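In what follows, a single structure is set out as structure tokens and then discussed.
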Amino acid sequence: GCGDCGVQSNCLSVTPVETEFGRKRAIDQSSCNKDFSCLKGFCPSFVTVHGGKVRKLRSSEQGGDRFVHLPAPKIPAVDAPYNILVTGVGGTGVVTIGALLGMAAHIEGKGVTVLDMTGLAQKGGAVISHIRIAGAPEKIHAVRVAAGEADLVLGCDLVVAAGTEANSRMRKGLTRAIINTHETVTGAFTRKPDLQFPGGELRQVVHDAVGADAAEFVEGTAFATALMGDSIATNLFMLGYAWQRGLVPVSADAIAQAIELNAVAVEANKRAFSWGRLAAHDLAAVERAAKPTMVTPLRPIAKSLDEIIARRVEHLTGYQNAAYAQRYEALVRRVAETERKRTSGLNGLAEAVARYYAKLLAYKDEYEVARLYADPKFAQAVRRQFEGDYRLQFNLAPPLIADRDPDTGQLRKRTFGPWTLSVFRWLARLKFLRGTRFDIFGRTAERRRERQLIAEYEALIAELLERLTPENHAIAVELATIPEHIRGFGHVKDAHLVRAKAHEAELLTLFRRTFSAPQAAE
């Protein structure tokens, strides 16, 4: 969760993934420009796939008869200009949607204007297309959709759809909104790894503008990527969804002709449009079709203390053994009991210890990296995303054998071939050596420091429990979360550790002062 890959690459294809154990990273294969600068991130999790390709549905699964019997919706009337606003991100085909609708309207002899507001967005910036369709050209007197006059807002990107420009075109009682729920991160994420995507707030903005009953939120990118193998199909998928809802005033045949005239990925674009139609008509059927190639959904993040503990007991048992997990659970239960007795009505301390004591205990040494790669789930995840004759290459900087950069003094990553998986399987079985005198990896300064951090945290929690009061409870919770800020590997982790320990010292001073003040008054 350190985000060093984003810092090194400054690339928006490094996307956040929220997991039970904190925020992780993934690579968006559809937008990746293949400069591989993210590999500079000092982390052992990067794997490059040579050969093969991103998995797509087999031809027998690509729709076929599913699309033949789709009912046709009633097309909106265009006696007066019908206004469509398409919002999205540069480089994803927003302008293409406007061009296709413009050509489809022209094919049907209707009047149409298309105005693309691209600004500086070559790729990754906000793009808004104003599309106005009428029964005849002379009925259109302006090319821009006026404030509060959008009949349809087709939000291919949630951030742009909820922005001021698009929001000002919406009006309750008139506008229908079809919005892609995919959370496309902004450039700030590359510099702020903890940046939170305000998805809930953005949805509420749309709801407030058009009314809850007039807004639909669709997992467009997830479905398009799973069904078509590329997120570039998202916008056609969203267009098909909106068309099937009866919100686009041109026929499906005209849109198909426009796709053919465009002469780019004709069959793929037709299928994406049809999949969108099917999603609007029978979402369950699309979910079933997409499931085999979708990234495995993560379990919902644990909320209750018992669930948090149970999942980490399971993880720590796999990490080391049952005794190690029991050591973890015993401390967390002790914290929960003390918190209940001394600060009745307050909570959060036990949950913080449950999350972050486990994080310190499960530091990612060579045995753990090997165990995670040797786990069959890793190979399954790769097969789910890629197909063909491919081979894997691992990008690692093993402390015992890695060279150091002569300028920075930092370890340099090296590439290791597919044979490394065999080494991982062998090494994972040796995890029982962790922390013993036979642990050759445990002799490095980094590993010794990680074991020291565990002991320091246990001592810290003991002090917090001894001096815990309702007045210093909030400070105690913040102290217990300090391990959240100790991230990364090697020099990246060292830098985070210095800052985290400085903050811990400040909080501990305040905690002790808060405890001693009422005692002195007595």
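Taking every DSSP beta bridge with both residues inside the chain, roughly what % is antiparallel (nearest 5)?
Working: 32 of 44 bridges.
Counting only bridges with both partners in the chain, antiparallel ones make up about 75 percent.
Rounded to the nearest Å, what's the spacing between the alpha carbon centres of the stretch 223-295 and the stretch 417-491? Just the number, please.
48 Å
Could you work out the relative contact order of the chain? I mean the mean sequence separation of Cα pairs under 8 Å and 6+ apart, divided by the number of residues, in percent. Could you put the intermediate results ahead of the total?
Details: 856 pairs, mean separation 80.1, N = 522.
Computed over the chain, the figure is 15 percent.
Average the reciprocal distances over every distinct pair of alpha-carbons in the chain, invert the result, and give the Kirkwood radius in Å.
On the way: mean 1/r = 0.0381 Å⁻¹.
By the Kirkwood definition, the hydrodynamic radius is 26.3 Å.
Could you run the Karplus curve 6.51 cos²θ - 1.76 cosθ + 1.60 with θ = phi - 60° over the stretch 414-425 and give me ³J(HN,Hα) per residue in whole Hz, x for Gly and Pro?
With the stated coefficients, the stretch 414-425 comes to 10, 9, 10, x, x, 4, 4, 4, 5, 5, 4, 5 Hz.
Under the rule of at least 5 residues apart or a separate chain, name every residue whose amide H is placed under 5 Å from the amide H of residue 55.
386, 387
Can you give the extra length, in nm with one decimal, that the chain gains between residue 495 and residue 301 once fully stretched, where that is 0.36 nm per residue apart less the Cα-Cα distance? Please report the intermediate quantities before stating the final value.
On the way: separation 194, 0.36 × 194 = 69.84 nm, distance 2.85 nm.
My answer for the length gained is 67.0 nm.
Can you pull out the trypsin sites (Lys or Arg not before Pro) in the stretch 162-202 that DSSP calls coil and that have at most 14 other Cβ atoms within 10 Å?
Working: sites: 169, 171, 172, 176, 191; in loops: 169, 171, 172, 191.
Counting only loop positions with at most 14 other Cβ atoms within 10 Å, the trypsin sites (Lys or Arg not before Pro) in the stretch 162-202 are 172, 191.
Among all cysteines in the chain, which have no other cysteine Cβ under 4.7 Å from their own Cβ?
Flagged as lacking a Cys partner: 2, 11, 32, 43, 156.
Find the accessible area per residue for the chain; the probe is 1.4 Å, ligands and nucleic acids are left out, and the unit is Å². The partial results should precede the final answer.
Details: 25440 Å² over 522 residues.
For the chain, the per-residue accessible area is 49 Å².
May I ask you to derive the relative contact order of the stretch 81-176, considering only C-alpha pairs under 8 Å and at least 6 residues apart, and to give it as an integer percent?
Working: 218 pairs, mean separation 33.6, N = 96.
About 35 percent, as a whole number.
Quick one: Karplus J couplings for the stretch 193-208, per residue in order, coefficients 6.51, -1.76, 1.60, θ = phi - 60°, nearest Hz, x for Gly and Pro?
My calculation for the stretch 193-208 gives x, 9, 4, 9, 7, x, x, x, 5, 5, 4, 5, 4, 5, 4, 5 Hz in order.
Of 324, 283, 422, which is farthest on the positive side of the dipole of the chain, counting Cα position, with +1 on Lys and Arg Cβ, -1 on Asp and Glu Cβ, and the Cα centre as origin?
It is 422, whose Cα lies furthest towards the positive end.
Over the chain, what percent of the accessible surface lies on carbon and sulfur atoms, probe 1.4 Å? Each step should come with its number before you reach the end.
On the way: 13840 of 25440 Å².
That share works out to 54 percent.
Quick check: Cα centre of the stretch 173-218 to Cα centre of the stretch 78-121, how many Å?
Between the Cα centre of the stretch 173-218 and that of the stretch 78-121, the gap is 21 Å.
For a quick protection proxy, order the peptides 37-43, 143-149, 400-406 by their average other-Cβ count within 10 Å, most packed first. Walk me through the intermediate numbers first.
Numbers: 37-43: 19.6, 143-149: 15.4, 400-406: 10.1.
Highest-to-lowest ranking by the protection proxy: 37-43, 143-149, 400-406.
Which is farthest toward the positive dipole end of the stretch 400-522 among 455, 435, 509, measuring Cα position about the Cα centre, with Cβ charges +1 (Lys, Arg) and -1 (Asp, Glu)?
435
Which entries in 24/377; 431/501; 40/303; 172/270 show an alpha-carbon gap greater than 25 Å?
Values: 24/377 17 Å; 431/501 29 Å; 40/303 35 Å; 172/270 32 Å.
Distance filter (> 25 Å) returns 431/501; 40/303; 172/270.
Please give the charge dipole size of the chain, origin at the Cα centre, charges +1 on K and R Cβ atoms and -1 on D and E Cβ atoms. Round to the nearest 20 debye. If you can, show how the numbers build up before the last one.
Values: 68 positive and 58 negative charges, 294 e Å.
So the magnitude is around 1420 debye.
Whole-Hz ³J(HN,Hα) for each residue in the stretch 229-235, computed from phi via Karplus 6.51 cos²θ - 1.76 cosθ + 1.60 with θ = phi - 60°, x for glycine and proline: what do you get?
Along the stretch 229-235, the couplings run x, 7, 5, 5, 7, 4, 5 Hz.
The values are calculated or read from the model by the stated rules, or taken from the named source; none is laboratory data. Owing to the predicted nature of the structure, the values given are computational and were not obtained by experimental measurement. Note: ideal-geometry Cβ built from the backbone for every residue, glycine included; neighbour counts use all protein chains shown. For accessibility, only protein heavy atoms count, side chains too; no ligands or nucleic acids. Shrake-Rupley method; radii C 1.70, N 1.55, O 1.52, S 1.80 Å.
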